[in-house]
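The values are calculated or read from the model by the stated rules, or taken from the named source; none is laboratory data. All values reported here derive from a predicted model rather than from experimental measurement. Because the Cβ atoms are built from the backbone with ideal geometry, glycine has one as well, and the counts that use them run over all protein chains shown.
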Amino acid sequence: MTPAGASLLDRLAAIEGKGLAAIGEATDSAALESARVEYLGRNGQLADVMSLIGTVEARARREVGQRANAVKTVLRGALEERAKALEGASRGPRARIDRTLPARERWVGGVHPVTRVIDEICGIFAELGFTSVLGPEIESTWYNFTALNIPLDHPAADMMDTFYLEKDVVLRTHTSPVQARVMEAFRPPVRVVVPGLAYRRDSFDPSHAPAFEQIEGLAVDEGVDFVEFRAAIEHFVHHFFGQGTKTRFRPSFYPFTEPSAEVDVSCTVCAASGCSTCKRTGWITIMGSGMVDPAVFEAVGYDPERYTGYAFGMGPARIAMVRHGIPDMRLLYEGEMSFLQQFA
Amino acid sequence: MNISFNWIDELVGLRGELRDPRVLAERLTMTAAAVEKTENVGAGLDGIVVSRVLEARPHPNADRLTLCKVDRGAGEVLDVVCGAPVIATGGLYPHVAPGGELPAGFRIESRKIRGELSHGMLCSEAELELGRDKGGIMRLADGLEPGTPLAAALGLPDTRLTLDLNPNRVDLACHVGVAREVGGPPAPRDFGGPGWSPEWRDGDSEASGAGVTVRIEDLDRCPRYMAAVIRGVGVGPSPGWLAGRLLAVGARPISNVVDATNYVLHEYNQPLHAFDLARLSGAEIRVRAAVAGEPLTTLDGQEHRLAPEQTVIADRDRAIAFAGVMGGLDTEVTEDTVDLLIECASFDPSGVRRTRTRAGLSTDASYRFERGIDVHAQERALARCVELILATAGGEADLIGLRAGPAPAPVPPIDVRVRRVNQVLGFGLGGAEVRAALEPIGFKAVPGEGGGAGTEGDAGAGGDAAADGAAGVLRISVPGWRTDIAREIDVVEEVARRVGYDAGAGQDRRFRPSAVPADPRVEKAARVRELLTGRGLLEARSLSFMPEDFRGNRAVVSVPNPLSAEESCLRSAMVPVLLRRLEHNYARGNRNVRLFELGTVFGYAAGPGPEGEAAATGRFEESGRAGAIVAGTRRPDHWSGPALDFDLWDLKEIAGSFADRLCGATLVPFDDAVAVDATESGPSLAGPWLSLGGFRAVKDGRVVGVAGAVDAASLDAPPWAAPAFALEFDLAAVEGRPVPAYRKTSPFPAVRRDLSMTLPRGVPAADIERTAREATSDLLRDVRLFDVYSGEEIEGGRLGLAWTFRFRAPDRTLTDQDVESEMSALSTALEKRFGARIRRS
């Protein structure tokens, strides 16, 4: 190769190297543009070399031309890539707005915390084959008391101070009368949970309300025993309160169950170490329960020798209070937006 | 119910871990009755000693103070100023010396009181935290040595367990009862005095002897009345151990005689009463119905006028006590009493309830009588009381005892099938295990008819096979104190309690489905919640009650015994209840309120009520309702621009979705001419709250919901409040969740045409849309109004409406020609029917 051709090839190599460096070092579009002008521009270094190709002897001309084109392609590619990179980096800064400004929010709706507890309880018992049924809130004394083995003149009636609408008509004092209604209407196997409101003449205070939610449960079939009852309740406790929660059953009294049991769970607030929620006992009572008393079966026309069963009742409002740490029951029923919003 | 740990220990000799009161409490909770509380009694009595008052004289400078010389034992005599007016010379009282402390931590020093130096103080029960009695200094019985530590004299400290008794377990209201549950058969204390085994004088309703006559006039009210006579007693303070026991259970020591009756009450559960025999006119006792208007002053000083439903103990001339409730002031035992008549009776539970309810009293005695006492142990209880009085107050008991009324019938035995025990419990118990569970608490079990159970052979047999195969029946004798046990199932519960509610662990049981279908109302409610929470509403719950008239909205069903006027009725609609909640939010300064509630409203049924069991409640009608209320901004405020308030169109969307999506109903303007059957099911859906210009949801010609702006008169709103909108729907109209069938979607583009027109005023927009659909083919997929304008530029007071129509074919791309022919048909129809003038652009 002639000296002229060789020197052009050297220059092309230098242009490629320096050009790539200049493009790579450009930190903004202005620097990149000046690099482009310097190397690829109409009067740039590469154009300068190209204009000299005609001076090279013919047999080397082809090689120099190819080489010049190759450098041009490389530099253009690098330039484009760099431009993209710079554009990407600059897009933020160019449109820099304060993204800590608040979003355009929506009102978020939600169900009441007690509804959520009811839905979860009914859902867990649904896994065990329980269907949800409802019953009337105005009830006869027959269903509310007599069919449940509660004599109207008995100290057990002291436990419930009743709203009477008429001599034989009350606002139901528990959801238990639905037990009798269901058993009258269906033959076993019966497995129901009954959410609903119940009424007692308690004054409205931090731990009582004259109307309150209750969930009744009833399971009746041949061969349902205390062991099965305990297993169902423990299943519920583990799924509702958590696998680590302990359950204990202790003697109690209800006219419509025998044996009767109070169900306590280990306190979820203090992990059973003693707090005000569990009155420092480590246990929270969540339901009254027991095996259905044969007298109830007789009242609804089931054969007590053939069928056995269990029943339970719990207060979702109280459970919601424990679960969310709500100190006063009245808060649940005030309908205050800032309260309800917390559970939405 | 208060139980003394020391007393239980004395009765059964607690062993092992049960010596820890907390363990004892846990055991009782898990097998008998929940222990609510354990607390120390008589802690912090160090340094407080028995002292003798050697001399007592009035304080020279104060009427109500006494100057005492007090012997603290070991020759230490101190001057003490005492605040009690009556201090007996020679009497024994607790004394705390200077430098000592009261249990509350209050330090006592020598100090001058009205010019006289006082060294320490004589203490009342309240100051010693032993009781509530602040009135006087605590008098101690003679016979104690001055200097004896007070705690030792009273048998303290002790631990008091507070039991929450189930209503069927009144037998646990006494120490012997509790002791049985945690130990063997209890061994009551030996009082150290003479015994009393009287010769009984019996009578069907009247018995005489020992100088007195007892007559029951109504055996229904009082099945039995037993009495003992003691003469020549010396009434005074009880000995320390006795006073200590009563203090430990929270009772106030009064005198040795009264305390003896209370001691036996807490020991054996038998209420007893001591009368001052000298005050009984005619030396006779009559148990009778009260005479209307007859007076009686009870021990607590209350004067009562009696009613015939009440039962009294009377002497020849007058009522002297409420039977089974409380004694009378006239015949009470005082320091001057010498001769006693001790009553040990049983009274009818409901009679006692009537007597005490009317008198407004509730006592330890009435509590027990109402729940049932052990009528088979009354002789023993009476003897215990007599012996304790003889031991502490002296005197001589008459050897004749009186028993009026027939002897109680023996408790019938109960046959218990071991198979039945296992059917209910699933514990797989053998007959011997059933026996072993019952016998320590006083039941006796022998093989019953069918025999075989309870023999040594099947002890621990465990498995179901053994229990079933035995066909065993146990004949169970029920102890007299278990008045709650009458049926086989009652014994089953006893077995479960005794073997433990956690027995039979580790067994599996099969899954059982339910034959009862789920109530569809549950899913309907869930659909409503989904719709409304999705629109930013929060669910409220309120109490079903409302005042008779809430800002013009009236309730129908009143509650005869309400808690307050605010809650005097059952709600007749949901919106008024939500309006109260809205006002509550206004009171808290909340302008943005979006609430809904699902619940029951109450009214009276139309037409004749049902027959049979439903007849009682048939007069009433309950309906499920959903109510909702919105007021304030549609969205939270945002810096990019002001948020607009909810208006009628937002409400129309919520109510329209409710009607259409949930009920399959149509929402129409309230004053629309659409023929609507005006009758609504149950209590009225609309109320005065609904202002003119609202909506109705109509389904099959029936109104199933209403919606509209809240009338200003129905709401107490502050000036800054936004307009409020509400709706109320009948939940019965909500349908189950639909399962939509798939419709083919089109891959071909839609063609849009805008059309602007003017119309004479009064043409409903809904009619335009309906006509447009009727005039076109099914290529028209969507009609949307995008502008409504009026004003000067529009000729002749007409109204301008601008619509977008979208056309789309399922199988091809539409041509201009397709769309133009549709648009032309549409325009022609609108021009013809409504006189629309289409604006061609």
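General remarks:
- Test: residue in region A:107-129 that is exposed (fewer than 15 other Cβ atoms within 10 Å of the Cβ) and not assigned by TED's automatic domain parsing to the domain that holds residue A:254: yes
- When B:619, B:591, B:580 are checked against the criterion of being over 30 Å from the mean Cα position of the chain (by Cα), surrounded by fewer than 23 Cβ atoms within 10 Å (Cβ to Cβ) and not small (Gly, Ala, Ser), B:591 stands alone in meeting it.
- Subset of region B:360-381 [surrounded by 21 or more Cβ atoms within 10 Å (Cβ to Cβ) and aliphatic (A, V, I, L, M)]: B:365, B:373, B:381
- Here residue B:565 clears all of (1) surrounded by fewer than 20 Cβ atoms within 10 Å (Cβ to Cβ); (2) more than 9 Å from chain A (Cβ to nearest Cβ); (3) under 30 Å from residue A:217 (Cα atoms) except the condition numbered (3).
Yes or no, residue by residue, for (1) more than 13 Å from residue A:113 (Cα to Cα); (2) touching a helix residue (DSSP H, G or I) at 6+ places or on another chain (Cβ under 7 Å); (3) among the aliphatic types (A, V, I, L, M); (4) not assigned by TED's automatic domain parsing to the domain that holds residue A:276:
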residue	(1), (2), (3), (4)
A:305	yes, no, no, no
A:308	yes, yes, no, no
A:311	yes, yes, yes, no
A:321	no, yes, yes, no
A:332	no, yes, yes, no
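- Complete set of residues in region B:5-30 that are small (Gly, Ala, Ser) and farther than 26 Å from residue A:261 by Cα: B:13, B:16
- Test result for residue A:193, under 23 Å from residue A:293 (Cβ atoms) and free of Cβ contacts under 8 Å to residues at least 12 places away in the same chain: no
So that you can scan it fast, the table gives a plain yes or no per residue for (1) touching a strand residue (DSSP E or B) at 6+ places or on another chain (Cβ under 6 Å); (2) closer than 27 Å to residue B:507 by Cα; (3) at pLDDT 90 or above; (4) not in a loop (DSSP other than H, G, I, E, B):
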position	(1), (2), (3), (4)
B:411	no, no, yes, no
B:421	no, yes, yes, yes
B:424	yes, yes, yes, yes
B:453	yes, yes, no, no
B:460	no, yes, no, no
B:466	no, yes, no, yes
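- With respect to (1) outside any loop (DSSP other than H, G, I, E, B); (2) surrounded by fewer than 21 Cβ atoms within 10 Å (Cβ to Cβ); (3) facing chain B (nearest Cβ under 7 Å); (4) hydrophobic (A, V, I, L, M, F, W, C), the lone exception for residue A:192 is condition (2).
Each row is one residue, and each column tells you yes or no for (1) crowded, with 18+ Cβ neighbours inside 10 Å; (2) modelled with pLDDT under 90; (3) under 50 Å from the mean Cα position of the chain (by Cα).
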| position | (1), (2), (3) |
| --- | --- |
| B:29 | yes, no, yes |
| B:40 | no, no, yes |
| B:48 | yes, no, yes |
| B:89 | no, yes, no |
| B:93 | yes, no, yes |
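- Scanning region A:232-265 for residues that are within 11 Å of chain B (Cβ to nearest Cβ), in a strand (DSSP E or B) and not polar (S, T, N, Q) yields A:248, A:249, A:250, A:251, A:253, A:254, A:258, A:259, A:261, A:262, A:263, A:264.
- Residue pairs whose Cβ atoms lie under 9 Å apart, separated by 6 or more positions or on different chains, with the first residue in region B:50-70 and without any contact (Cβ under 8 Å) to a residue 12 or more places away in the chain and the second part of a strand (DSSP E or B) and polar (S, T, N, Q), are B:57/B:66; B:58/B:66.
- Yes/no for residue A:229 being modelled with pLDDT of 95 or more, in the same structural domain as residue A:120 (by TED's automatic domain parsing) and in a helix (DSSP H, G or I): yes
- Selection status of residue A:168, more than 10 Å from chain B (Cβ to nearest Cβ), surrounded by fewer than 22 Cβ atoms within 10 Å (Cβ to Cβ) and farther than 26 Å from residue B:367 by Cα: no
- Residues that are farther than 12 Å from residue B:271 by Cα and within 11 Å of chain A (Cβ to nearest Cβ), drawn from region B:353-396: B:353, B:354, B:357, B:362, B:371
- Counting only strands (runs of 3 or more DSSP E) that sit completely within region B:38-132, those holding 3 or more residues that are closer than 30 Å to residue B:249 by Cα and among the hydrophobic types (A, V, I, L, M, F, W, C) correspond to B:48-58.
- For residue B:491, the criteria (1) aliphatic (A, V, I, L, M); (2) more than 7 Å from every other protein chain (Cβ to nearest Cβ); (3) surrounded by fewer than 20 Cβ atoms within 10 Å (Cβ to Cβ); (4) over 27 Å from residue B:619 (Cα atoms) hold in every case but one, which is (3).
- Among residues of region A:195-206, those that are surrounded by fewer than 22 Cβ atoms within 10 Å (Cβ to Cβ) and either more than 9 Å from chain B (Cβ to nearest Cβ) or closer than 14 Å to residue B:544 by Cα (or both), counted: 7
- Filtered residue count, region A:12-31, keeping only those that are buried (at least 20 other Cβ atoms within 10 Å of the Cβ) and either among the small types (Gly, Ala, Ser) or at pLDDT below 85 (or both): 3
- Taken over region B:360-394, the residue count meeting the criterion of being among the hydrophobic types (A, V, I, L, M, F, W, C) and within 15 Å of residue B:257 (Cα to Cα) is 10.
- Taken over region B:637-660, the criterion of being charged (D, E, K, R) and not in a helix (DSSP H, G or I) is satisfied by B:637, B:645, B:647.
- Residue tally, condition assigned to a loop (DSSP other than H, G, I, E, B) and within 12 Å of chain A (Cβ to nearest Cβ), over region B:540-555: 5
- Of all the listed residues (A:209, A:219), the sole one being facing chain B (nearest Cβ under 7 Å), touching a residue at least 60 places away in the same chain (Cβ under 8 Å) and under 31 Å from the mean Cα position of the chain (by Cα) is A:209.
- Residue list for region B:474-486, filter: surrounded by 15 or more Cβ atoms within 10 Å (Cβ to Cβ) and either at pLDDT 95 or above or of a type outside the set (Val, Ile, Thr) (or both): B:474, B:475, B:476, B:477, B:478, B:479, B:480, B:481, B:482, B:484, B:485
- Filter result for the condition that a residue is in a helix (DSSP H, G or I), of a type in the set (Ser, Thr, Tyr) and within 14 Å of chain B (Cβ to nearest Cβ), over A:73, A:100, A:115: A:115
- Restricting region B:521-536 to residues that are facing chain A (nearest Cβ under 7 Å) and hydrophobic (A, V, I, L, M, F, W, C), the residue that is nearest to residue A:131 (Cα to Cα): B:522
- Near pairs, Cβ below 8 angstrom, 6+ apart or cross-chain, from region B:272-284 (small (Gly, Ala, Ser)) to any residue that is buried (at least 17 other Cβ atoms within 10 Å of the Cβ) and assigned to a helix (DSSP H, G or I): B:274/B:257; B:274/B:258; B:274/B:260; B:274/B:261; B:274/B:389; B:283/B:277
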